[in-house]
Structure formats: structure tokens, C-alpha cells
Amino acid sequence: MNAYQTIEVTKLTPVIGAEISGVDLSREISDRQFEEIHGALMAHLVIFFRDQELTIEQHKAFGRRFGELHVHPNAPQDLPDHPEILVVAADKNSKHVAGEVWHTDVSSDAEPPMGSILHMSVVPPDGGGDTMFASMYEAYERLAEPVRRMIEGMTAFHDSAKAHGYRLKQNDRANMTLPSSEHPVVRTHPVTGRKALYVNRGFTTRIRQLPGPDSDAVLEMLYRHIETPEFQCRFRWRPNSIAFWDNRATQHRALFDYQGERRYGQRVTVSGDRPF
Ligand code: SIN
């Protein structure tokens, strides 16, 4: 039975991802639509919309329905009038792209973002540039019981210098910071109450309770586990597609298999709470 009255929801996989249709995000959404979209995000962890032509203001207005907008601590501010917009761009000269390593956004913040809303406007002409998403609920629940017991109560350091240290040399922003924070290795989702694995290759540097080599070994085991294909879905972008992911329950990875081509999107990021 479709429990939704104002939107249609089609699952991408049984584990993660759903496409939402029947809503025009360029218009103000009703409270009922907001509740249903939020409910779909909680149920499916990442939701996708097609054919959404949005101005920057409409994009930001949609994001603000879910919370305060986050300003990235060190990403270039390509649109000076819109510090909340993170530009995701690659062109014929790009050697790397943002998000090529599995990560959850800015987990180095003391209060990392709850969600990210990426609107893509230009996609490579021959395909490529998909984004992969993985469920951190599934990753946690599919760990062997002794491993779950071992990591319960542990904390890990997340450091923006690991993900973004290269930006210091580029010196492209005067007020940039490289935050670092300590978070539980297993976090509890504040809305669903489910437990999720919360370490990621992009930002996590060490588990506090373990000596360096042991921490490296355990983190590598967890990273490989997180990359299990059965925990994932993969989204193929079209111009005017949107992906909205819950950073508290997912990780993602941008594929860079379109060297020499252009891809352009803008992301609005919604602030979150301190993980517990
Ligand atoms: C990101 O990590 O926000 C970028 C995702 C993408 O480019 O697909």
C-alpha cells in the first residue's frame, strides 16, 4: 500500500534509495508534502527527484524547510552572494572531483550536516558521473556480533585536514577553517533511533581507544565492510535531477569516469546535531 498522499515513492533497492515524483520543488511545498518527503527520506535514506528546474533561491528555500543551511568551512565560495551554495563542478581540465572517496559530508564538524541536497544541471554527454550511496544502518546491522560489541562505545577523530588539507595551498578563501571533531563510531539516528556506523575513509583518522596500528586495521576493516555492494544504490543523473541524502545514515561516493567532460551541480546542505 502506498502510504503517501501527496507524492509517489518508488524504491531503487530494498535497502536504500527511492525516487519521488508528483511534486514540483520550485513551488513552496505544503506541510503535508514536507512531512511525506521527510518521511520518505527517513525510510529510504536518500531520495531522488527528476525534472526539477530550480533557481538558487528555490533550492535554498526547499533546503530551509528541513533546517538551517550549513556553510562549508573551507570549500571555495564560487557564488559570493550565496555562501550556502556548494558548487560541484568538473570540466575538461579536471584531474579529480570532490567526493571521490566514500564519505559523509563534513563529519569533521562538531555538529555535522543532517542532509545534503544536490541539484545537477550539466551531466557528461555519454553517461558517467553517477553517485553511489551506502546505508550505514545496513553496514552496522550486518557486522558480525563480536565486531559490533568491540566498537560499541568507541569514538573516532574526524579531521577536515584529511579531506581538504590540499585547499590550504590553493588559498582560495580567506576565512577557511579545517575543523576536527570526535564522534561515536556507532551513532544513533536522532529521528529513527536506529544505529548507524559512523566512520568514513574521507574524514576519519583514528579510533581514540586503540593504538595507531590497531586503529588503522580496524578502520580499514570497517571501510571495506561499508563498501559492500549490497548496502548500496547508484544514481544516474540527468539535467535537473536532485539527490537528497541523510548524512546521519549514509555515505556516498562520486564516480569520476568522465574525464574530459563537464559536470555541474549546486548543493545546499542542511545543518545537523552533535552525533550521539
Ligand atoms: C558530494 O560529495 O557532495 C558530491 C557528490 C557528487 O558529485 O555526486
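The values are calculated or read from the model by the stated rules, or taken from the named source; none is laboratory data. These numbers come from a predicted model, not from an experiment. Positions of Cβ are backbone-derived with ideal geometry, glycine not excepted, and every protein chain shown enters the neighbour counts. When the accessible area is computed, the model is the full protein with side chains, heavy atoms only, and any ligands, DNA or RNA have been set aside. Shrake-Rupley method; radii C 1.70, N 1.55, O 1.52, S 1.80 Å.
Quick notes
- Qualifying residue in segment 72-93 (condition: more than 15 Å from the ligand (Cβ to nearest atom) and touching a Ser or Thr at 6+ places or on another chain (Cβ under 9 Å)): no
- Only a single item in (1) within 12 Å of the ligand (Cβ to nearest atom); (2) among the β-branched types (V, I, T); (3) over 27 Å from Y258 (Cβ atoms) is not met by T104, and it is number (3).
- Test for V23: is it open to solvent by less than 30 Å² (accessible area, probe 1.4 Å) and either in contact (Cβ under 8 Å) with a residue 40 or more places away in the chain or not in a loop (DSSP other than H, G, I, E, B) (or both): no
- Residue within segment 110-130 that is part of a loop (DSSP other than H, G, I, E, B), away from the ligand (no atom under 16 Å from the Cβ), farther than 23 Å from Y258 by Cβ and open to solvent by less than 20 Å² (accessible area, probe 1.4 Å) present: no
- Leading residue by the ranking (nearest to the ligand (Cβ to nearest atom)) among those in segment 239-266 that are in a strand (DSSP E or B) and open to solvent by 20 Å² or more (accessible area, probe 1.4 Å): R253
- Qualifying residue in segment 163-173 (condition: of a type in the set (K, R), within 16 Å of the ligand (Cβ to nearest atom) and either in a helix (DSSP H, G or I) or open to solvent by 10 Å² or more (accessible area, probe 1.4 Å) (or both)): yes
- Condition check for H158: open to solvent by 10 Å² or more (accessible area, probe 1.4 Å), within 16 Å of the ligand (Cβ to nearest atom) and under 18 Å from the mean Cα position of the chain (by Cα): no
- Members of segment 93-140 found to be farther than 19 Å from L197 by Cα and of a type in the set (S, T, Y), listed by number: S94, S121, T131
- Restricting segment 26-56 to residues that are surrounded by 13 or more Cβ atoms within 10 Å (Cβ to Cβ) and small (G, A, S), the residue that is nearest to E227 (Cα to Cα): A43
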